[in-house]
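Enquirer: Handing you a structure now.
Just so you know, all these numbers are worked out from the coordinates, no wet-lab data involved. Note that the coordinates shown come from a computational prediction; the quantities given were computed from them, not determined experimentally. Cβ: placed from backbone, ideal geometry, glycine included. Neighbour counts: every protein chain shown.
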Amino acid sequence: MVVASTPDDARVFLETLYPYFSNRLAYGGQDLVFAEYGPKWKLLRKLCKLEMLGNKALESWAAVQRNEVDRMSRSIHASGRDGEPVMLGGMLIYAMANMIGRVILSRRVFETKGSEANEFKAMVVELMTLAAQVNIGDFLPAVAWMDLQGLEARMKKLHKKFDRVLSRMVLEHEASKGEPEGRPDLLDAVMAIRDGPEEEKLTDDNVKALLW
């Protein structure tokens, strides 16, 4: 892992090496991290700050975090009581996914057991594995097109899986518009701008990239 801990290092990553880092498992620079600086980036940053990352937003979602930690604790206790192995890594993944899901989508995304949860866990593990791989094409651009390690093909395949999951989440959220629960979530705010008269429109890829 390389950390850009100084302004000069950050400049190298975000300017000189930007094409390599933007050509990753995402939506072509449509998210908050890799979007070009401009009106759209400012809009995405404002939305995230107001709805998810600002002090007021974090305070308002504190109960969600406590509830998910409590659910995870009860699940661990139940597994121990029944003599089942406690898969702590998977439980942490599900708890974090559900916290984020409730902040962004106003609903839990996964239960701790079941085929859907197992598939999601496998996708997250594969994502972390691919992210940690050294890509020869990054060091030898002349042979990058050959995809000698098959990393690009695996990334594209995994991206399609995540895209299907995110598309389903967006469609389900749109279908439940008439059934609001509690405060509006991040996706409500994002889709209001996507469907509204704002000069800087958000695309479906912007929406899914932000969820990503």
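Enquirer: Ranked by Cβ crowding within 10 angstrom, fewest neighbours first, how are Tyr37, Tyr94 ordered?
Expert: Tyr37, Tyr94
Enquirer: Tell me, what ³J(HN,Hα) does each residue in the range 135-145 have, in order and in whole Hz, if you take phi through Karplus 6.51 cos²θ - 1.76 cosθ + 1.60 with θ = phi - 60° and put x for Gly and Pro?
Expert: Per residue, the Karplus-derived 3J(HN,Hα) values read 9, 4, x, 5, 9, 10, x, 5, 10, 4, 5 Hz.
Enquirer: Before anything else, pin down the relative contact order of the range 44-211: Cα pairs under 8 Å, at least 6 apart, normalised by residue count, whole percent.
Expert: Averaging sequence separation for qualifying contacts and normalising by length gives 23 percent for the range 44-211.
Enquirer: Here's a follow-up. Taking neighbour Cβ counts within 10 Å as the exposure measure, how do Glu174, Glu51, Glu152 sort from fewest upward?
Expert: Glu174, Glu152, Glu51
Enquirer: Continuing with the same structure: Which of the pairs Lys56/Lys161; Lys56/Lys157; Lys49/Lys157; Lys56/Lys208; Lys46/Lys208 have their Cα atoms more than 28 Å apart in this structure?
Expert: Lys56/Lys161; Lys56/Lys157; Lys49/Lys157
Enquirer: Need the full-extension length gain, Asp204 to Val69, defined as separation in residues times 0.36 nm minus the C-alpha distance. One decimal, nm.
Expert: Value of the extension gain: 45.4 nm.
Enquirer: I would also like to ask the following. Given bins 5 angstrom wide, list per bin the percent of all Cα-Cα distances in the range 44-211, short to long.
Expert: Result returned by the calculation: 1, 7, 13, 15, 16, 15, 12, 10, 6, 3, 1, 0.
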